[in-house]
Amino acid sequence: MLTYEKWLNCVFGRAANQDVSYSKFDAPTTVEYIHRTLVHSGFDLLRFSDKQVNNGIEAIFNNSISDIIYSLKEPTVPAEARTAAIRAIKILYTDCFEKRAKPVLSHLDEPGASPINSICYMFWDVTPISSWGNKGDCEYFELTLEVLEFALYLKNPACIESALHGLGHIYNKRVYKIIDDWIKQSQTSRSDLLRYAAQAQIGYIL
């Protein structure tokens with residue numbers, strides 16, 4: 001049986017260029033372990049380097065690297081479990097990205113970034129979650145907006161940038177209002193983040 005500890009070591013303990021077969025993970029167990037990993041990311045991932053965490057999170061959520069992410073849309077897994085796993089991305093932000101990503105902006109190539117800044121910034125570029133719509137009683141787009149709006153109000157500029165980046169790629173009227181509300185509440189004094197927010201409001205994000 002693939003235990004949670006073996007899952008962590010397999011996903012996060014491997015070398016960046018080491019191929020791993022993910023076919024051994026059945027969908028219900030995979031969703032359970034994704035949820036557990038995210039909920040406990042502030043503790044369970046401490047033993048892994050920033051580079052390993054970057055590689056592991058990308059392996060889970062980037063469908064060009066593995067098929068792990070597709071367990072989150074598998075209809076044989078209860079919608080409640082899939083929804084809980086996606087909402088747990090909020091905890092990944094607060095307990096991992098907020099604490100371990102350096103407070104620098106990736107879209108400006110500011111120096112001093114940690115490897116975790118990479119997946120923090122590119123998270124919503126590499127994951128297909130927001131494009132899934134409504135499948136098997138799980139509303140993925142709504143969950144995406146919920147997570148992104150939550151991350152927008154964190155303190156680390158890297159997390160705010162990540163949220164704006166994700167929102168900018170799914171531009172619509174609701175996204176415009178989410179960002180507008182954030183700007184009006186003056187959640188940051190960084191003019192470069194406010195400029196980035198204005199770009200995200202009109203979908204002008206690279």
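The values are calculated or read from the model by the stated rules, or taken from the named source; none is laboratory data. None of the values given here were measured: they were computed from a predicted structure. Positions of Cβ are backbone-derived with ideal geometry, glycine not excepted, and every protein chain shown enters the neighbour counts.
Taking the stated definitions as given, is Ile183 modelled with pLDDT under 95, of a type in the set (Val, Ile, Thr) and more than 26 Å from Lys73 (Cβ to Cβ)? Here the answer is yes, as Ile183 does meet what is asked.
Per the conditions (1) modelled with pLDDT under 95; (2) touching a helix residue (DSSP H, G or I) at 6+ places or on another chain (Cβ under 6 Å), the sole criterion not satisfied by Ala85 is (1). Considering region 89-128, the residues that are aliphatic (A, V, I, L, M) and in a loop (DSSP other than H, G, I, E, B) include one that is nearest to the chain's Cα centre (by Cα), namely Ala101.
Quick check on my filter: what residues within region 44-88 are assigned to a loop (DSSP other than H, G, I, E, B) and crowded, with 21+ Cβ neighbours inside 10 Å? Let's see the steps before the verdict.
The initial filter retains those residues of region 44-88 that are assigned to a loop (DSSP other than H, G, I, E, B), namely 45-49, 62-67, 74-78, 88.
Selection gives Leu45, Val77.
Out of all the residues in region 139-150, is one or more farther than 27 Å from Ile69 by Cβ, part of a helix (DSSP H, G or I) and β-branched (Val, Ile, Thr)? For region 139-150, residues farther than 27 Å from Ile69 by Cβ, part of a helix (DSSP H, G or I) and β-branched (Val, Ile, Thr): absent. For Thr144, the criteria (1) hydroxyl-bearing (Ser, Thr, Tyr); (2) within 24 Å of Arg100 (Cβ to Cβ); (3) surrounded by fewer than 20 Cβ atoms within 10 Å (Cβ to Cβ) hold in every case but one, which is (3). Here is the figure for region 180-194: residues that are without any contact (Cβ under 8 Å) to a residue 40 or more places away in the chain, in contact with an Asp or Glu (Cβ under 9 Å, 6 or more places away or on another chain) and under 26 Å from Asp109 (Cβ atoms) total 1.
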